[in-house]
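Have a look at the structure below, then the notes.
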Amino acid sequence: MKKNKAYLFLLPGLVFLLLFMIVPIILTISSTFKDQGQISFNGYIEFFKNKYFIQVLMNTLKVSLMTTLLCIVISLPVSYYISRIHGRMKSVLIALSVFPLLTSAIVRSFSWMIILGKNGLLNEILMNMHVIREPLNVLYTPTSMIIGLVHLFLPLMIISLVGVMENISDDLVQAAESLGASRFVAFRKIIFPLCVPGLIVGSILVFVGSLTAYTTPALLGGKQQVISVYLYQNAMTLNDWHAASIVATIMVAVTFVIVGLMNLTASKLNPRGENS
Amino acid sequence: MSLLSLNHVSVGYGQNTILKDLNLNVEKGELVSLLGPSGCGKTTTLRLIAGFLQAKTGQFLFNNKNYTRVPINKRHFGFVFQNYALFPHLTIFDNVAFGLRLRKMDKKTIEKKVRDILQIVNLNGFEKRFPAELSGGQRQRVAIARALVIEPDLLLFDEPLSNLDANLRIAMREEIRRIQQELGITAIYVSHDQEECFSISDKVAILNHGMIEQIDQPKAIYQYPKTEFVAQFIGFKNFITCTKRDIHGNEAVFSTTHGKFRTKMSPGTKSETSLKLAIRPEDIELYTDIHSDTTGENFLTGQIQLSTFLGKSYQYKVLTPLGVFHVNCSSETQPLAVGTTINLFFPMDKLVNVD
């Protein structure tokens, strides 16, 4: 019996989580199913009838999905490069790639506003080079939101991918090449499938992060609303805590569904889900 | 014309030269081993042939074509790695079929070829397993099957057995030799295990500091090492430095400061200046009674300094006027005490002249 007392070490953490996270979440969720003391789904039915809400939800999903895909595309070559080098250069590159996480969201977003604005750096350069005649409308669109979010979350994807890629031996690529695969085919058939576990972890982090991000979409999105901003407005501006709780519950549900779908894809892409 | 020739090849990173002016010829159907201490350049040579690294200077000819700059995936060579390098996310079938699928063969042909090759390496029935579910020996057989199934023009082995335990190593090397001869494949085999190389090869090349010291049939190397390094590497522990060499027909007499040594001339001419003789510890005969029959040519008197029990034999360290000699004697006889004065006899057919 004495040996089994190790679980006691878990207790402080568990109590903390229970009191300050699990209980509030249950209270929030259960409150959404109550209408004047009775159990009802009216709140949800009303929400899903609301075309504006559906549009905001879709908008958010689209932005998060695009952010995740872009992060994957940009991270794959970068992480592969970082995972193949050694020594000092590697630590320098990892530190550099984590840098966006170390800067304040507000500072980061304002820099993007300066770059992407109507009279901003980007438009000025493109017009001076005579690539365009009229200034582009980038700021306050989903595009500017995606740019800001990719900038913010890229480090999470890079770190997750470097982690798995470091464990893939060079011999595997050379074995594939000696069997007739070009570099690209070796990457696609060997490296990529073995990266799937890292890819899933990175995608979940980036997707959930984008879905719940507030500052960046609020500053770069303009009139384009995302669900987190909508939630904030319901709670703080309209003081409608019931509606805000419903939005929060829907966000949690969407997150779970997406994470589940990603795990499903992962198990199809890489039946072993391990590299040994 | 040889199937494969490396001509004056050198490889190096920055200031560091790994291979310098290496020449190697391999005939069709041969199994040639590259043997040497670690850092001698044997693995580098193999990786160079595979195309994993590039030569700084020199030329690599294969089948009369210049392969020096041909990329790995166009060489059509099979490579068997020390750590197997199986693809962990693919089944045994998919691992073996990997090269065939890249060659755009139809499904039925692939299935047949994979099944046939798994039969050859005794792994039929394992198609649906994953590499992690197999033992070391089984994994290495999968790796061999994967390299063989593409019917490579050349098969390269990079210390394929060094991760296996001793008994399995012996079984696997017989297996490798059987498959290689059965399919008539030309192969190059890298190992640091002498016995392994000698037992499976048609020819053995002994490398040292990025150069080939000697390349010959295993038995020829074993009997007649050409250089002092080769002799030392394959177990000659005793060397005699002589002052003069006189050749009489197929015999030679070497003079030293303490007596003369007569030997048979070894095949292959040695340079005029090579005045070293080598002999294995087990080939020296030892006499305790000193009289006229045990003195004279090929005899040397000494005193036992140290006696070590090696199991099969005793090894004596004997101090003589020509230096220290190691002599092995059967452990069935009574061991000799330290300090005993004895006579050493060097049989003329066991004494080898080396560079």
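Annotations
- Yes/no for A:S160 being closer than 18 Å to B:R146 by Cα and either away from chain B (no Cβ under 14 Å) or open to solvent by 20 Å² or more (accessible area, probe 1.4 Å) (or both): no
- Residues of region A:99-151 that turn out to be in contact with a Ser or Thr (Cβ under 6 Å, 6 or more places away or on another chain) and part of a helix (DSSP H, G or I), as a count: 7
- Qualifying position, being open to solvent by less than 40 Å² (accessible area, probe 1.4 Å), in contact (Cβ under 8 Å) with a residue 24 or more places away in the chain and within 14 Å of chain A (Cβ to nearest Cβ), among B:L46, B:L35, B:L61: B:L46
- Residue list for region B:201-231, filter: over 17 Å from B:S266 (Cα atoms) and at pLDDT below 90: B:H209, B:G210, B:M211
- Qualifying positions in region A:35-54 - over 18 Å from A:V252 (Cα atoms) and open to solvent by 90 Å² or more (accessible area, probe 1.4 Å): A:Q36, A:Q38, A:I39, A:E46, A:K49, A:K51, A:Y52
- Counting only helices (runs of 4 or more DSSP H) that fall entirely inside region A:1-87 and contain at least 2 residues that are basic (K, R) and touching a residue at least 60 places away in the same chain (Cβ under 8 Å), the qualifying elements are A:51-84.
- Positions within region B:331-351 being surrounded by 13 or more Cβ atoms within 10 Å (Cβ to Cβ) and among the acidic types (D, E), in sequence order: none
- Some residue of region B:187-196 being within 14 Å of another protein chain (Cβ to nearest Cβ) and more than 25 Å from the chain's Cα centre (by Cα): no
- Index of the failed condition, A:A235 passing every other in (1) away from every other protein chain (no Cβ under 14 Å); (2) of a type in the set (A, V, I, L, M); (3) more than 30 Å from A:F110 (Cβ to Cβ); (4) open to solvent by less than 20 Å² (accessible area, probe 1.4 Å): (3)
- Identity of the residue in region B:202-223, assigned to a strand (DSSP E or B) and in contact with a Gly (Cβ under 7 Å, 6 or more places away or on another chain), that ends up surrounded by the fewest Cβ atoms within 10 Å (Cβ to Cβ): B:N208
- Residue within region B:38-59 that is closer than 24 Å to B:A143 by Cβ, in a strand (DSSP E or B) and not small (G, A, S) present: no
- Just so you know, in region B:84-112 the residues that are surrounded by fewer than 18 Cβ atoms within 10 Å (Cβ to Cβ) and in a loop (DSSP other than H, G, I, E, B) include one that is nearest to the other protein chains (Cβ to nearest Cβ), and it is B:R103.
- Number of positions in region B:1-32 that are open to solvent by 10 Å² or more (accessible area, probe 1.4 Å), at pLDDT 90 or above and either closer than 22 Å to B:C197 by Cβ or touching a helix residue (DSSP H, G or I) at 6+ places or on another chain (Cβ under 9 Å) (or both): 7
- Checking each residue of region A:138-154 against the condition of being among the hydroxyl-bearing types (S, T, Y), out of contact with any His (no Cβ under 6 Å at 6 or more places or on another chain) and within 14 Å of chain B (Cβ to nearest Cβ) gives no match.
- Considering only residues in region B:64-83 that are at the interface with chain A (Cβ under 8 Å from one of its Cβ atoms), in contact with a strand residue (DSSP E or B) (Cβ under 7 Å, 6 or more places away or on another chain) and of a type in the set (A, V, I, L, M, F, W, C), the one that is nearest to A:D170 (Cα to Cα) turns out to be B:F81.
- Exclusive hit being open to solvent by 70 Å² or more (accessible area, probe 1.4 Å), at pLDDT below 95 and in a helix (DSSP H, G or I), set B:R115, B:R129: B:R115
- Where B:I150 falls short, out of the listed (1) open to solvent by 30 Å² or more (accessible area, probe 1.4 Å); (2) within 8 Å of chain A (Cβ to nearest Cβ); (3) under 28 Å from the mean Cα position of the chain (by Cα); (4) aliphatic (A, V, I, L, M): (1)
- In region A:94-120, the residue that is surrounded by the most Cβ atoms within 10 Å (Cβ to Cβ) out of those that are closer than 20 Å to A:Y214 by Cα and without any contact (Cβ under 8 Å) to a residue 12 or more places away in the chain is A:S111.
The values are calculated or read from the model by the stated rules, or taken from the named source; none is laboratory data. Because the structure is predicted, anything quoted here is derived from the model rather than measured. Neighbour counts are summed over all protein chains in view; Cβ atoms, including those assigned to glycine, are modelled from backbone coordinates with ideal geometry. Only protein heavy atoms, including side chains, enter the accessible area calculation; ligands, DNA and RNA are left aside. Shrake-Rupley method; radii C 1.70, N 1.55, O 1.52, S 1.80 Å.
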